[in-house]
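The structure appears below as structure tokens.
Rule-based calculations on the coordinates, nothing more; no lab input. On a predicted model such as this, the values are computed, not experimentally measured, just so you know. Cβ coordinates were reconstructed from backbone atoms using ideal geometry, including for glycine residues, and neighbour counts include every protein chain displayed.
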Amino acid sequence: MSVGVKMYNNIMLKLDSIINNTKETIKKQNKEIYDISSYIKKKYVEIEDKFLILKDEANDIINNVIMLEKKLVICNTKLSTVNKNANLYTKNEIDIVYKEQHSIKQQLELEYKKQNDVINKRDKLENQLKEIRDICEKADYASNNMDFAYGILAGDLNEIDNEVNNMNTKEIWGLKVIKAQEEERQRISREMHDGPSQNLSNLILKTELCIKLLDKDIDRTRLELQSLKSIIRTTIDETRRMIYNLRPMALDDLGLVPTLERYIDQIRNEVNFEITFKEINRENDVNSIISLTLYRIVQEAINNANKHSNAMNLCIKLIYNEGFIELIIDDDGDGFDINNVKLNMKNNKGFGITMMRERTNLLMGEFKLKSKSGIGTTIYVKIPIL
């Protein structure tokens with residue numbers, strides 16, 4: 001072997017060694033980035049839940065403040081009338097008006113303090129969510145670049161092409177996630193406008209009418225007050241329903257299984273198939289994020305089956321094991337070709353499946369989907385207990 005060939009072989013061996021070492025370093029660092037990103041995404045879900053609760057609480061307090069401010073205006077008007085015509089009122093009647101004004105002012109002070117505290121907490125959480133989103137985006141960007149670099153060093157052009165497609169896929173689904181979030185915000189906004197907001201406006205009008213009728217027509221006033229009571233009850237029910245849809249409070253109070261049982265009992269009247277629910281080896285002490293994830297997956301699976309499956313029966317099994325939880329959802333519906341819904345970008349078919357998979361992945365879990373036309377669909381989820 002000539003000296004030139006030997007030198008060439010030595011150079012190639014060194015290059016291979018450098019490339020292999022670089023590949024191992026990239027692989028290790030990418031694993032660390034992935035672990036950090038997964039942890040941060042779990043934290044994001046936790047903080048987002050707290051933020052939504054605080055947001056609702058802030059809205060409730062703001063509405064209370066508006067109502068109290070209007071009551072104070074009415075009371076001040078009444079007090080002005082009393083002062084101008086003091087000779088027409090007894091001292092006791094005048095004292096009652098002053099006490100009412102004092103009471104409203106005290107309530108307002110308390111509500112103002114609550115409002116400032118809740119809004120400050122809400123704003124802090126909103127800033128934290130923004131910072132976490134920025135970190136997640138940077139981590140995903142770094143991870144994608146490392147995968148790309150690893151593919152180049154490995155010399156597998158097919159793998160590089162797949163990585164590029166995966167990056168495009170992630171970007172497309174990222175846009176769909178944003179779109180879904182905006183649509184959900186619009187839905188909540190419409191519900192608030194058409195429900196509680198309209199009812200509260202009616203309450204103000206009814207209250208003003210009652211004030212005008214109070215000294216003129218007691219019977220009519222009594223009827224209007226009954227109507228007021230009905231509107232208040234409807235507003236409370238609608239608000240509770242909206243809060244429950246955002247995050248079921250029963251998850252924290254009762255646990256996953258009772259909350260699922262309650263949801264299934266409620267949804268039975270809205271679907272065209274029988275639902276059975278079985279839980280095995282129930283264990284109450286489960287992380288709230290895991291409980292919420294499993295609850296949302298069950299919701300999405302029932303919703304998908306109701307829209308697309310034409311099933312007669314749907315079975316849900318929740319199995320508690322040492323170290324992990326399994327969720328199995330079977331239906332005997334039409335089924336579908338999984339490959340046709342992986343990236344059907346012209347409509348949202350398959351998007352719910354992707355959201356279920358993403359929720360599972362955020363908790364380092366395992367998601368499997370089996371389906372075939374004419375046979376039915378099985379969803380399998382396995383999540384480690386943290």
**Prompt:** How much length, in nm to one decimal, is gained on full extension between residue 296 and residue 358, taken as 0.36 nm per residue of separation minus their Cα-Cα distance?
**Reply:** 21.1 nm
**Message:** Just to be sure I understand: if I project the alpha-carbon convex hull of the stretch 30-122 onto a plane and average over all orientations, what area do I get in nm²?
**Reply:** 6.9 nm²
**Asked** Tell me, 289, 280 in order of fewest to most beta-carbon neighbours within 10 Å?
**Response** 280, 289
**Request:** Describe numerically, in nm with one decimal, the distance between label points set 7 Å from Cα along Cα→Cβ at residue 82 and at residue 368.
**Result:** 7.4 nm
**Complete:** Protection proxy (average C-beta count within 10 Å per residue), highest first, orders 356-365, 264-273, 220-229 as 356-365, 220-229, 264-273
**Prompt:** Which links in 55/105; 50/105; 42/138 stretch past 22 Å when you go from one Cα to the other?
**Reply:** 55/105; 50/105
**Complete:** So residue 252 and residue 35, fully extended at 0.36 nm per residue minus their Cα-Cα distance, gain in nm 75.4 nm
**Residue order, fewest to most surrounding Cβ atoms within 10 angstrom, among 378, 77** = 77, 378
**Fill in**
The computed P(r) of the stretch 250-384 puts the percent of Cα pairs beyond 18 Å at 53 percent
**Item:** Neighbour-count order for 33, 236, fewest beta carbons within 10 angstrom listed first
**Value:** 236, 33
**Request:** Quickly work out the residue 137-to-residue 119 label distance, labels modelled 7 Å from Cα along the C-beta direction, and quote it in nm with one decimal.
**Result:** 2.7 nm
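Is there a pair in 84/206; 71/91; 43/130; 27/368; 317/382 whose C-alpha atoms are over 19 Å apart, and which pairs would that be? Working shown, then result.
Numbers: 84/206 27 Å; 71/91 22 Å; 43/130 12 Å; 27/368 26 Å; 317/382 12 Å.
Over 19 Å apart, Cα to Cα: 84/206; 71/91; 27/368.
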